[in-house]
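One structure is given below, encoded as structure tokens.
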Amino acid sequence: MLIEGQWTEDWQPVQAKDEKGGFVRQTSSFRHWVTPDGAAGPTGDDGFKAEAGRYHLYVALICPWASRTLIARRLKGLQEVISVSVVEPILNDQGWRFGDYPGSNRDALNGATYMHELYTRADPIFTGRATVPVLWDKVKGTMVSNESADIVRMLNSGFGDLASDAYDLYPTDLATEIDALNDFIYPRLNNGVYRTGFATTQLAYEEAFNEVFQALDALERRLDDGRDFLFGDRLVETDIRLFVTLVRFDAAYHGLFKTNLKRIADYPALQAYMHRVLDVPGVRSTVNIDHIKQGYYSIKALNPSGIVPRGPDLPGLDEVTLEGKQ
């Protein structure tokens, strides 16, 4: 935790909670946008023009929010436009660290050891948690955004002709429906698993737990009609949002976060859907089950022994791993 630019205490998963003892997620602080001409986006300042080689993405492979941005980068064909650094999966007392764990790398761009150093580089008096993902501007030497939802949308439309048009992750004709389904999935499932795992009272836990499985049941019914993706035959940003939670569920959330009523393997339509998304070219390279398990089970508040379970059996996923650097 940073307070006015100073690291003041060991990393903890829960920095705030509501009156019921429920987990409250920190609001993202950097909200600028990359645009084709450098004009201001929906929030923040102007001056962040789309240019090849100008921007850098900092991610953790255990983190679903960061993984959203990695998937969007691959689907939009921006691998040669935006470079990437991957932190180590194991959270230590100073949070995310750069290093040599397989599938991770050093911060060759800024020379940081910990993610929080980048936050104070961008804002010397920053107060809050140092989260991923982060989109960094190499020219200005500062942070563009640390909000994954914004980054996904700017990767989709902010890079103009530098990006592939093979996928439109936020098509105009589906925008209202996408926003509505995002608003259903996020609190109940994407953040719902965290609200379950980090609850500090039985009441908060059970409320979140029930919402997680109500959401999974509803999504199972939606996909049970045989459609390929949530809106039919087009993969959009909502599919990315759902996939990153599903792919972590049986490996981490089911056990560590006590979301143990059912596994994704017990939902035939969701299981098949998860594998369809995984098989979309480029998606598989963003998933690293070893990082996911090592990272989540390193959270001392939930797993003080640090023991990482050998299971579960994850057919089609156990051998999925990121090869080398992004």
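None of the figures in this text is laboratory data; all of them are computed from the coordinates on show. Keep in mind that what you see is a predicted model, and the values were worked out from it rather than measured. Virtual Cβ from ideal backbone geometry, glycine too; neighbours counted across all protein chains shown.
The table below gives the values:
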item: Candidates 216, 57, 155, ranked by Gaussian network fluctuation over the chain, Cα under 10 Å, top entry; result: 216
item: Along principal axes, Cα extents of the chain, largest first, whole Å; result: 49, 46, 39
item: Antiparallel bridge percentage (DSSP; both residues within the range 57-211; nearest 5); result: 70
item: Given charges at Cβ of Lys, Arg, Asp, Glu: the chain dipole, positive-most of 197, 85, 295; result: 295
item: Approximate spin-label separation residue 92-residue 302, in nm, with each point projected 7 Å along Cα-to-Cβ; result: 2.2
item: Along principal axes, Cα extents of the range 21-111, largest first, whole Å; result: 40, 38, 26
item: Share antiparallel - DSSP beta bridges, the chain, percent rounded to 5; result: 70
item: Extension reserve of the residue 182-residue 217 stretch, reckoned as 0.36 nm per residue once the Cα distance is removed; result: 11.0 nm
item: Cα pair distances in the range 134-179, grouped into 5 Å bins until the bin that holds the longest one, percent each; result: 5, 19, 22, 24, 17, 8, 4, 1
item: Principal axis box of the range 216-326, alpha-carbon based, largest edge first, Å; result: 44, 36, 22
item: Mean residue ellipticity (222 nm) of the chain, computed from DSSP H runs ≥ 4 via -39,500 (n - 2.57), nearest 500; result: -9500 deg cm²/dmol
item: Shape call, the range 135-285: gyration tensor on alpha carbons, a/c limit 1.5; result: oblate
item: Inter-probe distance in nm under a simple model that places probes 7 Å from Cα toward Cβ, at residue 227 and residue 276; result: 1.0
